[in-house]
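To keep things clear, I will list the structure first and then write my remarks on it.
The values are calculated or read from the model by the stated rules, or taken from the named source; none is laboratory data. Bear in mind that the values here come from a model prediction, so they are computed numbers and not experimental data. Here the Cβ is made from the backbone with ideal geometry for all residues, glycine too, and neighbour counts use every protein chain on show. Just the protein is used for accessible areas: all its heavy atoms, side chains included, with ligands, DNA and RNA removed. Shrake-Rupley method; radii C 1.70, N 1.55, O 1.52, S 1.80 Å.
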Amino acid sequence: MTSQILRDARKYEEEMERRIAKAVRPSFHLSARVGWMNDPNGFSFYKGKYHLFYQYNPYDTHWSTMHWAHAVSEDLLHWENLPVALAPDMDYDKDGCFSGNAISLLDGRQLLMYTGVAKETLPDGSKREVQTQCIAVGDGMEYEKYIQNPVLDERHLPENASRYDFRDPKLWRETDGSYRCVVANCTQNKDGRILLYSSQDGFSWKYEGILAENRGRFGMMWECPDFFELDGRQVLLTSPQDMMPQGFEYHNGNGTLCLIGMYDKQTGAFTEQSNQAVDYGIDFYAPQTILTPDGRRVMIGWMQNWDTCTIHCDERPWFGQMSLPRELFIRNGRLCQRPIHELEQMHDQKVEYKNVMFTDVLKLEGIQGRKIDMELTIQPGDHTMYHKFAVRFAQNDTYQTSISYRPHESIVKVDRKHSGSRRAIIHQRRCLVKSTEKAIKLRIILDQFSVEVFVNDGDYVLSATFYTDPIVDGISFFADGLVCMNVVKYDLIDNYKKE
Ligand code: FRU
């Protein structure tokens, strides 16, 4: 039985989507069908397709009462929209269906677990949102909310826990067939922690303990956890709110955190060994991962930033896009990322230059575009080290966005201040690159309104959105000093299905 609220949302998105021309959207990054998008939810493989749900307000390009939008794909790059999956239509989720995840049940159905938000009135008359974990079960298109919702509430919380900040379940199945989930929570004074739960059937859940605690180190409340094994280590991803900067590793505001360690499945104990940021750019948050049928751990994040996303141009009827799906791996003890290999199926029109020696400004025939995959290898042109290298794109006489590298400081910077913004928001971010090599590699992926830079084969990634008109597609290079550069550039076109 679908509710009126769900039917209204479905009707609205279908009508409005027709008015949005494809040309004004990213082409292989999933963007809001209409209205507002935030976190990826329910990233899963079900009935032969990848499913990606997301936090969604179809009615406006700003955050409000959350629904779950739904899209499917065979290659993680070409997405087909399906009708809204969840609407805030029950007492326990009337103020929002917040983030969560999906898993296949043994009987072939798909189970969604999400956070139900419902405001309660406090004794002083003020209202607060209570958060609980809820379930909906379906066939990949229609989902029915579980009659015994919520399945996790304040009865399943440890001492000193906030029931106002208890959200974003992420599920997995253990080898013995039982289920686990991690849920974000914080103490009464807002110190983030991740709770672990177990279940035999996916419906009835038991509190197991605290998996990880912030203890004042990384921001305050931790959101959107993910927990998985990778290359023999255990990885906990989470997105802390209210971070303070730490060197070049963590920046102010909402950030992304990766804790790498070991996990003892028997005792449920996670021992931390190292920590790092997940993305060093401006726009990346709340990532979620999937184990693909061929065994890759692939991550997608929301390519936005909570502190700047309230300030956007409302001319476009959609707001928010996902990052490129990225394959994760551990190298030298660090979490690294590479674009999924499916992207290569979109490669067209290869342009290659080898050992281009230059100083000052350089333009190269055939190097331009707003949907490209370009790898640059930059090294000193003689025995002296150059001072600065930059690649400028989405460029004409007025506009440009850039990636620069200063070898003496080992700093890669993304800069979008000349991308047409009239607001005093963050336009630059820097990343400290640790490497013993003289050459630096920058793989740059553009898709209309975004840049994602993979430094040195995925040691560091910087993501940022920018909204320069897509006809502005110039690219140029700059060197202060003598640089020797290799370039391999492909256009990215929609030819995957033609294979
Ligand atoms: C993270 C987040 C989640 C929450 C959702 C609400 O971006 O705040 O913690 O479930 O967004 O839309």
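Within segment 31-47, the set of residues being away from the ligand (no atom under 16 Å from the Cβ), hydrophobic (A, V, I, L, M, F, W, C) and assigned to a strand (DSSP E or B) comprises PHE45 only. So in segment 16-30, with the set limited to residues that are in a loop (DSSP other than H, G, I, E, B) and in contact (Cβ under 8 Å) with a residue 60 or more places away in the chain, which one is farthest from ARG370 (Cα to Cα)? Selected residue: ARG19. Evaluating GLU80 against the criteria (1) within 16 Å of the ligand (Cβ to nearest atom); (2) assigned to a strand (DSSP E or B); (3) farther than 26 Å from GLN200 by Cα leaves one unmet condition, (1). When TYR50, TYR54, TYR59 are screened for being touching a residue at least 40 places away in the same chain (Cβ under 8 Å) and either open to solvent by 70 Å² or more (accessible area, probe 1.4 Å) or in a helix (DSSP H, G or I) (or both), only TYR59 passes. Does segment 426-436 contain at least one residue that is open to solvent by 30 Å² or more (accessible area, probe 1.4 Å) and under 23 Å from GLU352 (Cβ atoms)? No; the residues of segment 426-436 include none that is open to solvent by 30 Å² or more (accessible area, probe 1.4 Å) and under 23 Å from GLU352 (Cβ atoms). For segment 206-239, residues that are within 16 Å of the ligand (Cβ to nearest atom) and at positive phi total 2.
Here TYR164, TYR59, TYR143, TYR114 are screened, and the one residue that is over 30 Å from ARG25 (Cα atoms) and at pLDDT 95 or above is TYR164.
For THR65, are the conditions met, namely being within 16 Å of the ligand (Cβ to nearest atom), without any contact (Cβ under 8 Å) to a residue 60 or more places away in the chain and part of a loop (DSSP other than H, G, I, E, B)? Walk me through it before giving the result.
On the way: within 16 Å of the ligand (Cβ to nearest atom): yes; without any contact (Cβ under 8 Å) to a residue 60 or more places away in the chain: yes; part of a loop (DSSP other than H, G, I, E, B): yes.
Against the criterion (within 16 Å of the ligand (Cβ to nearest atom), without any contact (Cβ under 8 Å) to a residue 60 or more places away in the chain and part of a loop (DSSP other than H, G, I, E, B)), THR65 qualifies.
With respect to the conditions (1) in contact with a helix residue (DSSP H, G or I) (Cβ under 9 Å, 6 or more places away or on another chain); (2) aliphatic (A, V, I, L, M); (3) open to solvent by 70 Å² or more (accessible area, probe 1.4 Å), VAL361 falls short on a single one, namely (1). For segment 364-381, the set of residues classified as open to solvent by less than 60 Å² (accessible area, probe 1.4 Å) and within 12 Å of LEU482 (Cα to Cα) consists of ILE378, PRO380, GLY381, listed by residue number. Can you find even one residue in segment 119-128 that is more than 14 Å from the ligand (Cβ to nearest atom) and surrounded by 16 or more Cβ atoms within 10 Å (Cβ to Cβ)? No, segment 119-128 has no match at all. Consider segment 89-111 and keep the residues that are in contact with a Lys or Arg (Cβ under 9 Å, 6 or more places away or on another chain) and open to solvent by less than 10 Å² (accessible area, probe 1.4 Å). The one that is farthest from the ligand (Cβ to nearest atom) is GLN110. Scan segment 291-324 for residues that are of a type in the set (Lys, Arg) and closer than 23 Å to TYR46 by Cβ and jot them down. Hits for segment 291-324 are ARG296, ARG297. Here the strands (runs of 3 or more DSSP E) wholly within segment 278-372 that include at least 2 residues being within 16 Å of the ligand (Cβ to nearest atom) are 285-291, 297-302. State all residues of segment 130-187 that are away from the ligand (no atom under 16 Å from the Cβ), within 23 Å of the chain's Cα centre (by Cα) and within 26 Å of MET1 (Cα to Cα); if no residue qualifies, say none. Correct list: GLY140 only.
If you check LEU442, LEU462, which single one turns out to be crowded, with 17+ Cβ neighbours inside 10 Å, touching a Cys at 6+ places or on another chain (Cβ under 9 Å) and in a strand (DSSP E or B)?
On the way: LEU442 fails: touching a Cys at 6+ places or on another chain (Cβ under 9 Å).
Checking each option against the conditions leaves just LEU462.
Of all the numbered requirements in (1) within 21 Å of the chain's Cα centre (by Cα); (2) open to solvent by 40 Å² or more (accessible area, probe 1.4 Å); (3) over 29 Å from ARG180 (Cα atoms); (4) away from the ligand (no atom under 15 Å from the Cβ), PRO26 misses one, and that requirement is (2).
Every residue, every condition in (1) small (Gly, Ala, Ser); (2) buried (at least 22 other Cβ atoms within 10 Å of the Cβ), yes or no:
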site	(1), (2)
HIS312	no, no
SER323	yes, yes
THR384	no, no
PHE393	no, yes
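Selection of first residues in segment 123-151 that are more than 13 Å from PHE166 (Cα to Cα) and touching a residue at least 40 places away in the same chain (Cβ under 8 Å) and of second residues that are surrounded by fewer than 22 Cβ atoms within 10 Å (Cβ to Cβ) and of a type in the set (Phe, Trp, Tyr), restricted to Cβ pairs under 6 Å at least 6 apart or on distinct chains, gives the following pairs, ordered by first then second residue: ILE135/TYR146; GLY140/TYR46; ASN149/TYR92.
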